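The values are calculated or read from the model by the stated rules, or taken from the named source; none is laboratory data. It should be emphasised that the depicted structure is a prediction, and the values quoted were computed from it without experimental measurement. Here the Cβ positions follow ideal geometry from the backbone for every residue, glycine too, while neighbour counts run over all protein chains shown. The protein model used for the area step is the full one, side chains on, heavy atoms only, and it has no ligands, DNA or RNA in it. Shrake-Rupley method; radii C 1.70, N 1.55, O 1.52, S 1.80 Å.
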Amino acid sequence: YRGRWALGPGRHVLRLGGELGASFPTGGRLAAELQANAGFASQTVNPLAHLDLSFDLRSGFGWFFSADVRYVPYGAPQQMDHGGVVVTHDVQSGSAISYGTGIRYRILGGLVPSVGIHALHRLPDRMGGADVADSGVHSLYVAVGLSYTFQRRPVKGLSLHASLLVPVVQWVLGTQLVEALNVTVGIRWSFQAWNRPRPEPGPLQANRVLP
């Protein structure tokens, strides 16, 4: 769902969006265990939920907030060494909650730099109904991002984005591998950008178009 509201004659824009979905096995054990991959790599089918809220002024400045939840309902088989005997256990690994907020500024049409903070709470792994030692982390990052959305056909609706996350606080349970920084790059295509323009919404009147 995507809602868009224009507030007053100044064309300030409030956006609210949410998504429900599922992720499928997309990475090996090492990729799934890295904290920064909590929303990407997994070894099971996991339900996902996403919420985003933003408010943009006509001057180009804007504020945004987003949150993601991933729940691992069952375990993936993992081999463990018990005194020289290798045993396979089903381990639930990857349940996480992440959220962040920040400010952005739209310049040169589709170019938008941003800066903010991002928090990640990765829950401890579970095996046999109990928490696994050396798992679970709470991290706080400083986040810097840059995105560009093309405005003209044939690439209208195509967006490129990149972000850099630098951890400033990492509360790790036990002994774990953690990242010094995290870099993410991505691409997105909005097919609705090719639709014919619709009338601008009136004050507090929502229409269901992608921002």
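At-a-glance table
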| read-out | value |
| --- | --- |
| Check on V112, of a type in the set (V, I, T), under 25 Å from V13 (Cα atoms) and open to solvent by less than 60 Å² (accessible area, probe 1.4 Å) | yes |
| Selection from the range 138-168 of residues that are outside any strand (DSSP E or B) and surrounded by fewer than 17 Cβ atoms within 10 Å (Cβ to Cβ) | F150, Q151, R152, R153, P154, V155, K156 |
| Among (1) over 17 Å from A133 (Cα atoms); (2) touching a Lys or Arg at 6+ places or on another chain (Cβ under 8 Å) - the single one Q92 does not satisfy | (1) |
| Residues (modelled with pLDDT under 85 and hydrophobic (A, V, I, L, M, F, W, C)) located in the range 58-101 | V72, A76, M80, V85, V86, V87, V91 |
| Candidate set: the range 1-27, residues that are out of contact with any Lys or Arg (no Cβ under 8 Å at 6 or more places or on another chain), over 30 Å from G75 (Cα atoms) and open to solvent by less than 40 Å² (accessible area, probe 1.4 Å); chosen: the one modelled with the highest pLDDT | A6 |
| Top-ranked residue of the range 120-134 - restricted to ones that are touching a residue at least 12 places away in the same chain (Cβ under 8 Å) and not hydrophobic (A, V, I, L, M, F, W, C), ranked as surrounded by the fewest Cβ atoms within 10 Å (Cβ to Cβ) | G128 |
| Residues being exposed (fewer than 15 other Cβ atoms within 10 Å of the Cβ) and either modelled with pLDDT of 80 or more or in a loop (DSSP other than H, G, I, E, B) (or both) - total across the range 28-39 | 1 |
| Residue pairs meeting the criteria (Cβ under 8 Å; at least 6 apart or on separate chains; first on the phi > 0 side of the Ramachandran plot and in a loop (DSSP other than H, G, I, E, B), in the range 169-188; second surrounded by 10 or more Cβ atoms within 10 Å (Cβ to Cβ) and of a type in the set (D, E)) | G174/D134 |
| Selection within the range 94-137 - in a loop (DSSP other than H, G, I, E, B) and under 30 Å from S59 (Cβ atoms) | R106, L108, G109, G110 |
| Residue count for the range 47-93, restricted to those that are within 21 Å of the chain's Cα centre (by Cα), part of a strand (DSSP E or B) and of a type in the set (V, I, T) | 1 |
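Here's the yes/no breakdown for (1) without any contact (Cβ under 8 Å) to a residue 24 or more places away in the chain; (2) aliphatic (A, V, I, L, M); (3) surrounded by fewer than 18 Cβ atoms within 10 Å (Cβ to Cβ):
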position: P77; (1), (2), (3): yes, no, yes
position: V86; (1), (2), (3): yes, yes, yes
position: V91; (1), (2), (3): no, yes, no
position: S95; (1), (2), (3): no, no, no
position: S98; (1), (2), (3): no, no, no
position: Y105; (1), (2), (3): no, no, yes
position: H118; (1), (2), (3): no, no, no
position: G136; (1), (2), (3): no, no, no
